[in-house]
Ligand SMILES: [Zn+2]
């Protein structure tokens, strides 16, 4: 699978991956091992971010001028979130 310079799940060294959106206050913390088990080690993080924020009201055509601001980041205190289905 071509990576095109993207980070993939197997590049991660932390045990958990945090995701947060400043605009919709979506946040979660995911087990990297569970993500790899579900999605595979080659899953790109850019694709994963899209999938994790799929329900954000700021995504899609109506959010064009005020896009979802979801980013990966450390969230040691975030509650566990369910790993999305592939
Ligand atoms: Zn958002």
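Read the figures in this text as sums done on the coordinates, not as results from a lab. Values in this document were obtained by computation on a predicted structure and should not be read as measured data. So basically every Cβ, Gly included, is an ideal-geometry build from the backbone, and we count neighbours across all protein chains shown.
Just a few scattered comments:
For every residue, the table says whether it meets (1) touching a helix residue (DSSP H, G or I) at 6+ places or on another chain (Cβ under 6 Å); (2) within 16 Å of the ligand (Cβ to nearest atom).
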| residue | (1), (2) |
| --- | --- |
| 14 | no, no |
| 19 | yes, yes |
| 28 | no, yes |
| 33 | no, no |
| 49 | no, yes |
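- If you go through the range 1-12 and keep only what is within 23 Å of residue 67 (Cβ to Cβ) and touching a helix residue (DSSP H, G or I) at 6+ places or on another chain (Cβ under 8 Å), you end up with 6, 7.
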